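Student: I have a structure here, written as structure tokens, and I will follow up with some questions on it.
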Amino acid sequence: MPKFVIERRYLVPMYQHIVVEAENLQEACTKGISDDIGWDAQEMDSDGARTTTITGAKLVPDGYDTSPERSS
């Protein structure tokens, strides 16, 4: 029977409430998504998690060793 390597993801959103000083809403939003603000105080939103999705799949060639010992 064929074997497949499947990459799957369970996406859990992270959020944080931040306060930024800005001249207007557009500038505040731009600052809010910049890399200048770290994610030190983020919270996990388990209730907003998405369903598991498949992000890749490949057929394992016949005879290829798929034992867990090969993983590193």
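Student: Do the sum for the chain: with -39,500 (n - 2.57) for every DSSP H run of n ≥ 4, divided by all residues, what is the mean residue ellipticity at 222 nm, to the nearest 500 deg cm²/dmol?
Tutor: My calculation for the chain gives -3000 deg cm²/dmol from helical runs alone.
Student: I need the fraction of alpha carbon pairs in the stretch 22-63 separated by more than 14 Å, rounded to a whole percent.
Tutor: Numbers: 637 of 861 pairs.
I get 74 percent for the Cα pairs in the stretch 22-63 exceeding 14 Å.
Student: Where does the charge balance sit around Val12 when Lys and Arg score +1, Asp and Glu -1, over other residues with C-beta under 15 Å from its C-beta?
Tutor: Numbers: positive: Arg8, Arg9, Arg50; negative: Glu43, Asp45, Asp47.
Summing Lys/Arg as +1 and Asp/Glu as -1 gives 0.
Student: Which Cα, out of Val5, Asn24, Trp39, lies furthest along the positive dipole direction of the chain (beta carbon charges, K/R +1, D/E -1)?
Tutor: Value: Val5.
Student: Something else now. Kirkwood Rh, the chain, all Cα pairs: how many Å?
Tutor: One over the average 1/r among Cα pairs gives 16.6 Å for the chain.
Bear in mind that the values in this text are calculations on the coordinates, not laboratory data. These numbers come from a predicted model, not from an experiment. Backbone-built Cβ (ideal geometry, glycine too); neighbour counts: all protein chains shown.
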